[in-house]
Amino acid sequence: MVIFEETLVTDTDFNKWDHDHSWHPFTQMEEYLQCPQIQVDRGEGCWLWDIDGNRYLDTNASIWTNVHGHNDKDINEAIKNQLDKVAHSTYLGLSHTAGSELAHRLIPLAPSNLNRVFFSDNGSNAVEIALKLSFQYWQLVGQPEKKYAVSMEGGYHGDTFGAMSVSKNETFHGRFNNWCFPSFSFQAPNCIEVNGKVINENSSESLKALETLLKKESANIACLIMEPWIQGAAGMKLQPKGFLKKVADLCNVHNVHLILDEVFVGFGRTGNFFVCNEENVEPDFLCLAKGLTAGYIPMAATLTSEKIYQKFLGTFESFRAFFHGHTFTGNPLACAVALKNIEKLEHLIDHGHLSETIYQFGSLLEKFSGKHPNVREIRQRGLAAAIDLCPDKNKNENFPVSDRIGLKVCIEARKQGLLMRPLCDTLLIVPPLIINEEEMKYLFSNCVKAIDGVLK
């Protein structure tokens, strides 16, 4: 219980307010209202506490955002220092020191062709901006016929209409297809990997389909967008390493912009700042969010090249400017957090701490979950993993959707001190980057207990 406006408030009060007024994202509220409720009250490191004092390991980094843990003293101090200066100042036709410094710090981390930063509020907007910049660029250079986008099947790039138009996930967006603009798609590759060991992979058919599409339609295609290495919302579906480079080469050959959506995989999730650097790829646009501000404050960025930026320059009356923006673009508090996050993440990477954590994570995932009779498949790269549940791993059968096994396992996991979120019957494990070996053992051993608690 807490003191609120000098009144003693209990979890019952908070739950009632929640039930009476809240509408949660990606949530069937009728189901939600029937489930046991948790009111998160505070956090420390990889842990969250509810209002009753129960402690839970945050196994999904508060939806894949948290980098250095909750209540990090260095990031807290960065916010306090910025608060003593200014909390918000518009970025529309005006700059501020925190925004200028963050742009300056981001550029050296990115591929060398990217030297312009457009700030926004979230991953969907970062993608929306990249799409609009690509479409307008081709208009400005006299090729307005290049107006279509290409994306990969299973892709998820956000929930605004442009982002939905290039997301190929019927569960999330199928209902809105009639209002989305048309786009092309190509099949995703197949790759199963755990702890750096490739168990199975096939990308040849995917690349062949993309090459055929580009040969036929490149004159009408503005851009290709993809989530490199990991399609998170598809269930941590992996691409074999080297696939991104081949896609980039095809885009270069056919004069198509490459947009990399690193909203999820960026900022250390796979072991380095950005996946594109790992494969020596220079995209035309790089979309960033989530880990940019370490899970503290909403912020996003779209990076692009000087070549593209220059085409938007001209007199006011030429109307070449990019007419797009958000009220809290470049928020100084968010910039201050991002700057401290980058400083701390550089230390984690340069001193080998993150690579060691990733190795331990893959090893423990394989040890605890790899041979479980109700686990059909596990996939892992970096600090991102998926555990696919099934009735019997030796039979090609699935649970009925109405059984909601994944949700039941996640509710059972709360009794074991874990906060988890399923994707149907797939458990997605995405912890903060600073999780230690003891916490990882706690995570996987109790995850198995939760699976057994529901299925045995």
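Scanning segment 70-96 for residues that are in a helix (DSSP H, G or I), in contact (Cβ under 8 Å) with a residue 12 or more places away in the chain, surrounded by 13 or more Cβ atoms within 10 Å (Cβ to Cβ) and of a type in the set (S, T, N, Q) yields one hit, GLN82. Select, from THR12, THR27, the only residue that is polar (S, T, N, Q), in a loop (DSSP other than H, G, I, E, B) and either modelled with pLDDT under 95 or not assigned by TED's automatic domain parsing to the domain that holds GLY99 (or both). Only one candidate passes the filter, namely THR27. Does segment 435-453 include one or more residues that are surrounded by fewer than 20 Cβ atoms within 10 Å (Cβ to Cβ), on the phi > 0 side of the Ramachandran plot and at pLDDT 95 or above? There is no residue in segment 435-453 that is surrounded by fewer than 20 Cβ atoms within 10 Å (Cβ to Cβ), on the phi > 0 side of the Ramachandran plot and at pLDDT 95 or above. Quick check on LEU427: is it out of contact with any Phe, Trp or Tyr (no Cβ under 9 Å at 6 or more places or on another chain), at pLDDT 95 or above and part of a strand (DSSP E or B)? Criteria met by LEU427.
Matching residues to (1) modelled with pLDDT of 95 or more; (2) polar (S, T, N, Q); (3) surrounded by 16 or more Cβ atoms within 10 Å (Cβ to Cβ):
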site: GLU356; (1), (2), (3): yes, no, no
site: LEU364; (1), (2), (3): yes, no, yes
site: ASN374; (1), (2), (3): yes, yes, yes
site: GLY382; (1), (2), (3): yes, no, yes
site: ILE387; (1), (2), (3): yes, no, yes
site: ASP403; (1), (2), (3): yes, no, no
site: VAL409; (1), (2), (3): yes, no, yes
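Assessment of segment 316-330 against the conditions (of a type in the set (Lys, Arg) and either more than 24 Å from GLY271 (Cα to Cα) or outside the structural domain of VAL194 (by TED's automatic domain parsing) (or both)) yields at least one matching residue. Among the residues of segment 106-124, those that are part of a helix (DSSP H, G or I) and surrounded by 22 or more Cβ atoms within 10 Å (Cβ to Cβ) comprise LEU106, GLY123, SER124. Being aliphatic (A, V, I, L, M), closer than 23 Å to PHE264 by Cβ and in the same structural domain as ASN66 (by TED's automatic domain parsing) is a property that does not hold for LEU345.
Checking each residue of segment 390-400 against the condition of being without any contact (Cβ under 8 Å) to a residue 40 or more places away in the chain and assigned to a helix (DSSP H, G or I) gives no match. Suppose the filter is surrounded by fewer than 24 Cβ atoms within 10 Å (Cβ to Cβ), more than 30 Å from ALA450 (Cα to Cα) and assigned by TED's automatic domain parsing to the domain that holds PHE274; does HIS157 pass it? Considered against the rule, which asks whether it is surrounded by fewer than 24 Cβ atoms within 10 Å (Cβ to Cβ), more than 30 Å from ALA450 (Cα to Cα) and assigned by TED's automatic domain parsing to the domain that holds PHE274, HIS157 comes out as no. For segment 181-234, the set of residues classified as of a type in the set (Val, Ile, Thr), buried (at least 22 other Cβ atoms within 10 Å of the Cβ) and under 30 Å from ILE63 (Cβ atoms) consists of ILE225, ILE230, listed by residue number.
Residue-wise test of (1) in a helix (DSSP H, G or I); (2) among the acidic types (Asp, Glu); (3) modelled with pLDDT under 95; (4) assigned by TED's automatic domain parsing to the domain that holds LEU383.
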| position | (1), (2), (3), (4) |
| --- | --- |
| ARG42 | no, no, no, yes |
| SER62 | yes, no, no, yes |
| ALA126 | yes, no, no, no |
| LEU131 | yes, no, no, no |
| GLN139 | yes, no, no, no |
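Of all residues in segment 107-114, at least one satisfies being touching a Cys at 6+ places or on another chain (Cβ under 7 Å), of a type outside the set (Ser, Thr, Tyr) and not assigned by TED's automatic domain parsing to the domain that holds ARG421.
Within segment 23-44, is there a residue that is within 30 Å of ILE342 (Cβ to Cβ) and in contact with a Leu (Cβ under 7 Å, 6 or more places away or on another chain)?
Yes, the conditions are met somewhere in segment 23-44.
Taking CYS410, is it closer than 30 Å to GLU30 by Cα, in a helix (DSSP H, G or I), in contact (Cβ under 8 Å) with a residue 40 or more places away in the chain and not β-branched (Val, Ile, Thr)? Here the answer is yes, as CYS410 does meet what is asked.
For segment 349-370, state whether one or more residues are in a loop (DSSP other than H, G, I, E, B) and in contact (Cβ under 8 Å) with a residue 24 or more places away in the chain. Yes, segment 349-370 contains at least one residue that is in a loop (DSSP other than H, G, I, E, B) and in contact (Cβ under 8 Å) with a residue 24 or more places away in the chain.
The values are calculated or read from the model by the stated rules, or taken from the named source; none is laboratory data. Because the structure is predicted, anything quoted here is derived from the model rather than measured. Positions of Cβ are backbone-derived with ideal geometry, glycine not excepted, and every protein chain shown enters the neighbour counts.
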